[in-house]
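Asker: Before I ask anything, let me first share the structure, which is written out below as structure tokens.
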Amino acid sequence: MGFGKTVCTLSAIAELLADGVLKKVLILAPLKVCKTVWRQEALLWEHTAHLKIAAAIGTERARLAAINSDADVVLMNYENLVWFCTTFKRDDHGFDGLVCDEISKLKNSTGAGFKKFKARLPAFKWRVGLTGTPVSEDFQGLYGQTFILDSGARFGTRKDVFLHKYFYATDYMEYNWELIDPTGATILNVVKDLIFIADNAAYQKTLPPIHHHQIPVVLPDDARATYETLKKDCAVGDITADNAAVLVGKLLQVASGFLYGDPELGIDLQFIHDAKLVECAKIVEAHSGPVVIAYWFKEDFDRLCKRFPNAVALAGGDDQETIARWNRGEIDILLLQPRSAGHGLQLQSGGSCLIWYGAVWSRDLTEQTEARLHRQGQKNSVDVYTLCAVDTVDELVVDRVESKAGYKDLLTAHLQSSGHCAA
């Protein structure tokens, strides 16, 4: 993450277009990345500044205009993939090159976009996937990412066959799977010729240090009582949790300081505590520079906005200007939701402090969000603070995310031993 995948890809596109190997390239990327990264990066380099780049985002009319334009490269967000496949036949869109930025977005081979896109893949004779976290969650996601690149040549065209060949089910319903070869070598040998991984150790040496701090948050007595009641009875007052997944979500809410109600049933949101907000404010006040605060729940966002009225959020249409202002040092507190702003954005020039208002389950989102600051161009050491409610599910989430780091370590070690790393 932050190694330079974008400019490397733009350089390749420029050369292949100039040599007549490609005619037109489609780049799929998260929406904010479409808006704020690719065109801006191309203009920074003399050998890519000439590329005509259009964005197929926004209204259908705007999307069609971009795709039908004379642009060399067209950017499109993943949310429009189903529309693209429905609107255009297999090869009447004019693209013969495909780049999937953050290709891990397509690791779910059962998603609607993936299913429709499968039939369109042969039209793209040149395909590239970019990600800094290919196996952050598990190795099963390699199937979808690999299929986009080789149309099933390595792992086959059926996900169930792939699973039974390389994994074993750990439950009767086959919801959870573990590698048959715990080292990962068997599965990685199949795709090693398809993957190039940069020498992360050498890259990390070029970056300033990153320091992680877990900040314990002690729940007030009444909040602790609410938490324990919910944990034991799956209910507190009129609010109930119908299953384990819902219960975990509710417990995370209490750890954060509130409980969502049900407006349709006339059950209002409940205030539980503000202990996390107090600790967050302490960090902000003690830090001498700008701060990014990553939140998960909408209620967390609302509370943060009230506590820090001058905070600015990455919230949609004005993201490009917001990012520019942040990187110019004009914003003291930037609020970020990892699901919409955790991938691809370049925030390293504006600050070096990140506060996780609460840990998130996803290792991918965790690594990607932290890499918005800890990347090339960062001049200061990076401090990452995670607010963690003591003796709550918060601690389970932190431990779970840390344990998933092993998948990435296996991939890196295996490919390095096979000579597939940059020198």
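Each reported figure results from applying straightforward, stated rules to the coordinates on display, with no laboratory input. All values reported here derive from a predicted model rather than from experimental measurement. Virtual Cβ from ideal backbone geometry, glycine too; neighbours counted across all protein chains shown.
Asker: Identify, among Thr157, Leu251, Phe88, the residue whose Cα sits farthest towards the positive end of the charge dipole of the chain, taking +1 on the Cβ of Lys and Arg and -1 on the Cβ of Asp and Glu, with the dipole about the Cα centre.
Answerer: Looking along the dipole axis, the top candidate is Phe88.
Asker: Report the percentage of all Cα-Cα pairs in the chain whose separation exceeds 32 Å, rounded to a whole percent.
Answerer: Tail of the P(r) past 32 Å holds 43 percent of the pairs.
Asker: While we're on this one: Give the long-range amide H neighbours of Trp356: residues separated by 5 or more places, or on another chain, with amide H under 5 Å away, using H modelled in the peptide plane at 1.01 Å from N.
Answerer: Residues meeting the amide H criterion: Ala294, Tyr385, Thr386, Leu387.
Asker: Looking at the chain, what % of its DSSP beta bridges pair antiparallel, to the nearest 5?
Answerer: Expressed as a percentage, antiparallel bridges in the chain total about 15.
Asker: Right, another one. Taking the Cα centre of region 112-193 as the origin, how large is its charge dipole in debye, to the nearest 20, when only Lys and Arg (+1) and Asp and Glu (-1) carry charge on their Cβ atoms?
Answerer: Rounded to the nearest 20 debye, it is 700 debye.
Asker: Still on this structure, I have one more. Let me spell out the model: positive unit charges on the Cβ of Lys and Arg, negative unit charges on the Cβ of Asp and Glu, origin at the Cα centre of the chain. What dipole size does that give, in debye rounded to 20?
Answerer: Computed charge dipole of the chain: roughly 1480 debye.
Asker: Place a +1 charge on the Cβ of each Lys and Arg in region 5-194 and a -1 charge on the Cβ of each Asp and Glu, then give the dipole magnitude about the Cα centre in debye, rounded to the nearest 20.
Answerer: 560
Asker: Name the shape class, rounded, prolate or oblate, that the alpha-carbon gyration tensor gives for region 157-199, where a ≥ b ≥ c are the square roots of its eigenvalues, rounded holds for a/c under 1.5, and otherwise prolate holds if a/b is larger than b/c and oblate otherwise.
Answerer: Taking the square roots of the gyration eigenvalues as a ≥ b ≥ c, region 157-199 is prolate.
Asker: Hey, what number do you get for the chain at 222 nm if only DSSP H runs of n ≥ 4 count, each worth -39500 (n - 2.57), divided across all residues, to the nearest 500?
Answerer: My calculation for the chain gives -11500 deg cm²/dmol from helical runs alone.
Asker: Mind ordering 368-378, 271-281, 117-127 by average Cβ neighbours within 10 Å, highest first?
Answerer: Highest mean packing first, the order is 368-378, 271-281, 117-127.
Asker: Could I ask something else about it? Going highest first, how would you order 58-70, 3-15 by mean Cβ packing within 10 Å?
Answerer: 3-15, 58-70
Asker: For Ile197, which sequence-distant residues (separation of 5 or more, or a different chain) have an amide H within less than 5 Å of its own amide H, given hydrogens modelled in the peptide plane?
Answerer: Ala422
Asker: A further question on this structure: Once amide H atoms are built 1.01 Å from N in the peptide plane, which residues 5 or more positions from Val128, or in another chain, come under 5 Å H to H?
Answerer: When sequence neighbours closer than 5 places are left aside, the close amide H contacts are Leu98, Val99, Cys100.
Asker: As a quick test, which of the pairs Lys250/Lys298; Lys32/Lys306; Lys5/Lys159; Lys276/Lys379 have an alpha carbon distance above 18 angstrom in this structure?
Answerer: From the list (Lys250/Lys298; Lys32/Lys306; Lys5/Lys159; Lys276/Lys379), the Cα-Cα distance tops 18 Å for Lys32/Lys306; Lys5/Lys159; Lys276/Lys379.
Asker: Once the dipole of the chain is set up with Lys and Arg at +1 and Asp and Glu at -1 on Cβ about the Cα centre, which of Met173, Leu130, Val284 lies farthest towards its positive end?
Answerer: Sorting the options by dipole projection puts first Leu130.
Asker: Let me ask something additional. If we sort 210-218, 297-305 on the protection proxy, mean other Cβ atoms within 10 Å, highest first, what's the order?
Answerer: Top of the packing list down: 297-305, 210-218.
Asker: To continue, here is another question. For region 5-194, just say rounded, prolate or oblate: build the C-alpha gyration tensor, square-root its eigenvalues into a ≥ b ≥ c, call rounded for a/c under 1.5, and beyond that prolate if a/b exceeds b/c, oblate if not.
Answerer: prolate
Asker: Now for a different question. Could you run the Karplus curve 6.51 cos²θ - 1.76 cosθ + 1.60 with θ = phi - 60° over region 125-133 and give me ³J(HN,Hα) per residue in whole Hz, x for Gly and Pro?
Answerer: Calculated HN-Hα couplings, in order: 7, 10, 10, 9, x, 10, 6, x, 9 Hz.
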